[in-house]
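Enquirer: A single structure is presented below for examination.
The values are calculated or read from the model by the stated rules, or taken from the named source; none is laboratory data. Since this is a predicted model, take the numbers as computed values, not measurements. In this analysis, Cβ positions are derived from the backbone assuming ideal geometry, glycine residues included, and neighbour counts consider all displayed protein chains. Just so you know, the surface numbers come from the protein's heavy atoms only, side chains and all, with ligands and any DNA or RNA stripped out. Shrake-Rupley method; radii C 1.70, N 1.55, O 1.52, S 1.80 Å.
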Amino acid sequence: MPFRLLIPLGLLCTLLPLHHGAKNKERVKAMFYHAYDSYLENAFPCLLGIESYRPAGGSTGFSLTLIDALDTLLILGNVSEFQRVVEVLQDNVDFDIDVNASVFETNIRVVGGLLSAHLLSKKAGVEVEAGWPCSGPLLRMAEEAARKLLPAFQTPTGMPYGTVNLLHGVNPGETPVTCTAGIGTFIVEFATLSSLTGDPVFEDVARVALMRLWESRSDIGLVGNHIDVLTGKWVAQDAGIGAGVDSYFEYLVKGAILLQDKKLMAMFLEYNKAIRNYTRFDDWYLWVQMYKGTVSMPVFQSLEAYWPGLQSLIGDIDNAMRTFLNYYTVWKQFGGLPEFYNIPQGYTVDKREGYPLRPELIESAMYLYRATGDPTLLELGRDAVESIEKISKVECGFATIKDLRDHKLDNRMESFFLAETVKYLYLLFDPTNFIHNNGSTFDAVITPYGECILGAGGYIFNTEAHPIDPAALHCCRRLKEEQWEVEDLMREFYSLKRNRSRFQKKRMSSGRWEPPAGPGTFSSPENHDQAREKKAGKQKISLLSCPSQPFTSKLALLGQVFLDSS
């Protein structure tokens with residue numbers, strides 16, 4: 001009788017995902033290099049500053065594809081190319097150019113990409129300068145790019161314009177109408193930048209913009225799609241979780257985790273209640289009128305597919321999986337997610353049939369797989385790899401799918417394909433990647449402000465999938481915070497001096513004086529909610545109030561996103 005190796009069924013079910021994961025991981029890596037090498041061959045260096053690459057030639061927009069792809073190189077294990085690109089960027093990138101740039105896109109792609117690459121430089125074998133991570137060429141580049149964006153925030157409301165000229169500032173006559181996401185998607189990058197450089201201006205303007213949006217929500221707790229940053233009046237009053245709003249909600253949660261900020265989390269949880277009450281129907285999320293809650297668009301947008309991943313970050317796994325499976329049925333129907341999908345009709349929306357290889361559903365699969373280990377999520381990853389290879393692969397990269405009904409292609413490849421889509425696919429299939437570190441390993445770094453721990457895990461991805469090490473925010477603060485406290489005390493002293501006469505007349509019954517609101521001031525969530533008789537910001541027990549636990553354990557409370565189930 002021939003010898004047979006008998007493998008228990010339970011062990012076989014464990015081994016199969018690992019086998020297919022390794023196979024698909026290599027397929028994803030090959031996809032990346034097919035696109036990346038084609039970009040280098042056909043677009044670089046003549047088209048260095050681009051947002052999207054045309055596989056058949058040409059370029060559009062302003063962004064830096066190399067910056068967008070840089071941390072993906074390290075996640076795929078290509079240390080030598082990471083090092084080479086860092087040198088190329090230092091020699092070639094100049095932000096003193098007469099270009100009208102999207103404030104939102106420049107922040108998430110350029111500032112976020114440079115900050116991530118800066119914090120990953122040592123892991124990539126780059127020779128870092130003394131004082132790193134509190135100094136370094138990539139950090140200086142990120143700061144320079146962010147300073148080019150600051151003029152956009154100089155509005156009466158503190159909410160930024162959508163576009164700024166990198167050389168001249170905001171153009172005269174620039175439209176004051178900005179989408180909600182374009183206002184509320186800065187706290188991750190700007191707070192990181194303030195922590196590393198010691199300049200609080202970046203975090204300050206990001207927080208003001210967040211608070212202005214919070215104060216502008218409707219009586220039923222919803223925000224619209226576009227607002228006038230000069231007057232604070234809503235221009236588009238459709239409320240939902242998708243295009244124009246999406247990353248505002250994302251950054252409340254990620255900002256709360258990154259900064260251990262209870263107020264930001266309380267704000268999101270209050271929004272989450274309103275979203276569930278007015279926009280959720282059978283685990284789909286529709287668009288409604290922000291003041292009335294009546295349905296305005298019964299559609300699912302591909303950009304909304306980030307939502308299950310965001311739900312997993314707050315530990316709402318059951319709802320996340322139900323919504324994810326709804327979105328996955330759309331993927332299986334078309335081999336991708338159309339930009340708009342009419343939920344009652346179960347089909348695409350006219351002129352919104354395309355799929356530009358967006359990452360959001362894959363992003364949610366990666367988060368949920370880390371939280372649950374459900375093999376269904378690996379199936380989505382496998383389907384995505386096969387769909388993209390079969391439908392969109394061309395000689396010089398991967399082309400946007402113009403129409404999912406007949407799989408016609410468009411001559412462009414967005415940089416987020418390299419920055420996000422491929423990265424989330426690879427991380428879905430690579431459980432041992434350093435990004436998934438559970439704190440069992442780390443690097444101790446000596447900085448001018450003392451010893452600092454880096455690389456322990458818990459990375460926070462910005463909305464362009466650039467990972468930020470949360471521990472880095474504590475590396476450069478010790479002396480800087482003392483400096484900020486002195487500055488705050490001086491500002492308070494001069495404010496009290498100017499308002500001495502008011503101080504004597506306007507004592508409240510509690511004996512605590514409240515300065516009058518005026519330009520440049522804003523109410524806290526608690527104060528604003530007292531006026532509205534709401535409770536956000538007043539929770540006695542917070543998901544983030546675990547001072548005795550290590551940082552990774554706090555993330556475990558929020559859904560075990562970056563931790564193995566073991």
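Enquirer: Just how much of LYS402 is accessible, in Å², when a 1.4 Å probe is used and the result is rounded to the nearest 10?
Expert: 130 Å²
Enquirer: In the full protein assembly as shown, how much of ASP91 is accessible to a 1.4 Å probe, in Å² to the nearest 10?
Expert: 130 Å²
Enquirer: Still on this structure, I have one more. If Lys and Arg each add +1 and Asp and Glu each add -1, what is the summed charge of the other residues whose beta carbon sits under 11 Å from the beta carbon of LEU409?
Expert: Taking every other residue near LEU409 into account, the sum is +1.
Enquirer: Which whole-number percentage describes the relative contact order of the stretch 162-309, with Cα contacts under 8 Å and a sequence gap of 6 or more? It would help to have the intermediate numbers written out before the result.
Expert: Values: 218 pairs, mean separation 32.5, N = 148.
Here the relative contact order equals 22 percent.
Enquirer: Here's a follow-up. Can you tell me the length gained on complete extension of the stretch LYS262 to ASN277, counting 0.36 nm per residue apart and subtracting the Cα distance?
Expert: Taking 0.36 nm per residue and subtracting the Cα distance, the gain is 3.1 nm.
Enquirer: Let me ask something else about it. Report the gain in length on full extension from LEU40 to MET297: 0.36 nm times residue separation, minus Cα-Cα distance, nm rounded to one decimal.
Expert: Stretched fully, the LEU40-MET297 segment lengthens by 88.4 nm.
Enquirer: According to the Cα gyration tensor, what semi-axes, each the square root of 5 times an eigenvalue, does the equivalent ellipsoid of the stretch 155-199 have, listed from largest to smallest in whole Å?
Expert: Values: eigenvalues 100, 40, 15 Å².
Equivalent ellipsoid of the stretch 155-199: 22, 14, 9 Å, largest first.
Enquirer: Volume per residue, Å³, of the convex hull around the alpha-carbon atoms of the stretch 254-332?
Expert: On the way: hull volume 7.7 nm³, N = 79.
Enclosed volume per residue, from the Cα hull, is 98 Å³.
Enquirer: Using a 1.4 Å probe on the protein heavy atoms, what percent of the accessible area of the stretch 177-315 belongs to carbon and sulfur? List each step's numbers first, then the result.
Expert: Details: 1850 of 3680 Å².
In the stretch 177-315, the share of accessible area belonging to carbon and sulfur is 50 percent.
Enquirer: Where does the charge balance sit around TYR327 when Lys and Arg score +1, Asp and Glu -1, over other residues with C-beta under 11 Å from its C-beta? Don't skip to the end; give the middle numbers.
Expert: Numbers: positive: ARG322, LYS332; negative: ASP283, GLU304, GLU360.
In short, -1.
Enquirer: Turning to a different aspect of this structure: Count the net charge of all other residues whose Cβ sits under 11 Å from the Cβ of GLY240, scoring Lys and Arg as +1 and Asp and Glu as -1.
Expert: Values: positive: ARG280; negative: ASP238, ASP246, GLU304.
Its environment carries a net charge of -2.
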